[in-house]
Amino acid sequence: MLFMVEMQVNIPLGFDAEEGARLKLAEKMRFQELQAAGTWRHIWRVVGQYANVSVFDVESTSQLHDILMGLPLYPFMTIKVTPLCRHPSSMHEDDR
Ligand SMILES: O=C(O)C[C@H]1C=CC(=O)O1
């Protein structure tokens, strides 16, 4: 199942810089793990914002829920999830 996930990161002004850097590194490592597994299929930066638009490929909504809630930066994120399905004109067989 494919989902578009929009994530806005809001780390409060004055948040401990070292802890912020640690969380960002942990987030990057988790992202790369999920990308390598094919679960976090795509990611784009939203220009001018600490935000991304991503596509996740998961088995269930509860899997996606657990992944998102487990992200190191989750406590600072506003997240919007949109289910996707294959466009009838798509040439990509793996768009499911
Ligand atoms: O930078 C972000 O948009 C937040 C998050 C998503 C991947 C990652 O490495 O950090």
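Summary table below
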quantity	calculated
Of the criteria (1) touching a residue at least 60 places away in the same chain (Cβ under 8 Å); (2) surrounded by fewer than 15 Cβ atoms within 10 Å (Cβ to Cβ), which one L2 fails	(2)
Residue, farthest from the ligand (Cβ to nearest atom), within the range 7-38, restricted to residues that are within 15 Å of M77 (Cα to Cα) and open to solvent by less than 60 Å² (accessible area, probe 1.4 Å)	G20
Filter result (modelled with pLDDT of 95 or more and open to solvent by less than 100 Å² (accessible area, probe 1.4 Å)) within the range 76-96	F76, M77, T78, I79, V81, T82, P83, L84
Odd one out for V58 among (1) of a type outside the set (K, R); (2) over 15 Å from M77 (Cβ atoms); (3) free of Cβ contacts under 8 Å to residues at least 40 places away in the same chain; (4) surrounded by 14 or more Cβ atoms within 10 Å (Cβ to Cβ)	(3)
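Residues checked against (1) without any contact (Cβ under 8 Å) to a residue 12 or more places away in the chain; (2) touching a strand residue (DSSP E or B) at 6+ places or on another chain (Cβ under 7 Å):
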residue: M7; (1), (2): no, yes
residue: E18; (1), (2): yes, no
residue: L25; (1), (2): yes, no
residue: Q35; (1), (2): yes, no
residue: H42; (1), (2): no, yes
residue: R45; (1), (2): yes, yes
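The values are calculated or read from the model by the stated rules, or taken from the named source; none is laboratory data. Source: prediction; values computed, not measured. Heads up, the Cβs are rebuilt from the backbone with ideal geometry, glycines too, and the neighbour counts pull from every protein chain shown. The area values use the complete protein model at the heavy-atom level, side chains included, leaving out ligands, DNA and RNA. Shrake-Rupley method; radii C 1.70, N 1.55, O 1.52, S 1.80 Å.
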